Amino acid sequence: MTINRIPGPFPVVVWRWDRGESDATTQARTAIRGALEQLGYGAGVIDDVIICVSEFVANAVEHAMGPYEIRLRTSGDEVVCEVEDHDPSIPRVPPFIVGGSLYETEEQHRGGGLEALTSVLAERGRGLPIVHALTNGAWGFSATEATKTAWLIIPGAPGE
């Protein structure tokens, strides 16, 4: 499939998969990279979108039922990407994302020694703060009765 331009405000489905897909995150990265390269986006925009989409895909596969779908739409100065799954419940967003820095600890854990340090350096729980940082807070969730969509907006025009 060759994409020269995504028409209007309507998204283009970049990839669909079911729960049994063994390397969904890798395939999602490949699909998004190929679509954005064909549209003429530069490495910086593509890398930021891929990092964010990887987090959304990993969360969908781990916490929600399929089938899943990645959609992409662009305008002159931004890329909008959506990852849809079949679990309409919106996840609880950790409180440190709102107004906090990427690795800031919650107030009750300040001065908590090793336990507080471990919570900051944990391998899990970093994804949404990274999405928040790369999108400048332009991301979120929407839901219908049967599905949930994680969406993000990355600033950037083709050639950037």
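The values are calculated or read from the model by the stated rules, or taken from the named source; none is laboratory data. Everything numeric in this text was worked out from a predicted model, so none of it was measured. As a convention, Cβ positions derive from the backbone with ideal geometry for all residues, glycine included, and neighbour counts pool all protein chains shown. SASA here: full protein model, heavy atoms, side chains in, ligands and nucleic acids out. Shrake-Rupley method; radii C 1.70, N 1.55, O 1.52, S 1.80 Å.
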*Using the Karplus curve 6.51 cos²θ - 1.76 cosθ + 1.60 with θ = phi - 60°, work out ³J(HN,Hα) for each residue of the range 29-39 in order, rounded to whole Hz, and write x for Gly and Pro.*
4, 4, 5, 5, 4, x, 5, 5, 5, 4, 7
*Please sort 148-157, 52-61, 67-76 by packing, taking for each peptide the average over its residues of neighbouring beta carbons within 10 angstrom, highest first.*
52-61, 148-157, 67-76
*Of the peptides 135-146, 34-45, 19-30, how do they stack up when ordered by the mean number of other Cβ atoms within 10 Å, highest first?*
34-45, 19-30, 135-146
*How many percent of the accessible area of the range 13-95 is carbon or sulfur, using a 1.4 Å probe?*
50 percent
*What residues qualify as long-range amide H neighbours of TRP15, i.e. H under 5 Å apart, gap of 5 or more or another chain, H built at 1.01 Å from N?*
ILE70
*Determine which residues of the range 57-85 fall in the zone a paramagnetic label at ASP47 would reach in this model, i.e. backbone nitrogen under 18 Å from the point 7 Å along Cα→Cβ.*
79
*Fully extended, how many nm does the chain gain between GLU37 and ALA146 (0.36 nm per residue separation, minus their Cα-Cα distance)?*
36.0 nm
_What are the equivalent ellipsoid semi-axes of the range 41-94, built from the alpha-carbon gyration tensor (square roots of five times its eigenvalues), in whole angstrom, biggest first?_
23, 12, 10
